[in-house]
Amino acid sequence: MSDPTARRLLWYLFAGSKGGENRIKIINLLQDTPLNINRMAEALDLDYKAVQHHVDVLEKNNLVSRMGEKYGIMYFVSNYLESNMDTFREIVTKINKSKIG
């Protein structure tokens, strides 16, 4: 059974607010490997400041966590998101289906 609070949060951050698509891309990237903001910006072909903003939103909502200092800060998918990853995937699937249909 999924956590209803997590479900609402994930719906809001990924489907209900501007920038959800970029946040999904960031989470998908971080599932594969921890990265710093500069590497994420390069991989996603997005502006550094835009990625920084989205990562800040994700971090404030406990969906990513960081380790290190200054330019060495690496971001990871948080334990909270890891434990709700099935809900994240379900929401992403529904978002993608709604774009097609």
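Throughout, read-outs are computed from the coordinates displayed, never taken from laboratory work. Given the structure is predicted, the values throughout are model-derived calculations rather than measurements. When we count neighbours, we look across all protein chains shown, and the Cβ atoms used for this are built from the backbone with ideal geometry, even at glycine.
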### Nearest-0.05 FRET efficiency for A15 and Q52, computed from C-beta distance (R0 22 Å)
0.50
### Query
Put a dot 7 Å past each Cα toward the Cβ at T93 and N28; how far apart are the dots in nm?
1.5 nm
### Task
Amide H neighbours of S78 under 5 Å, at least 5 residues apart or on other chains, H built in the peptide plane: list them.
V64, S65
### Task
Report, to the nearest 10°, how far helix 4-14 tilts away from the longest principal axis of the Cα atoms in the chain, using its own Cα long axis and a range of 0 to 90°.
60 degrees
### Message
What lysines does K49 reach when the alpha-carbon gap must be under 17 Å and sequence neighbours fewer than 8 apart in one chain are set aside?
### Response
K18, K25, K60, K70
### Summary
Rounded to the angstrom and largest first, Cα extents along the principal axes for the chain equal 38, 28, 21
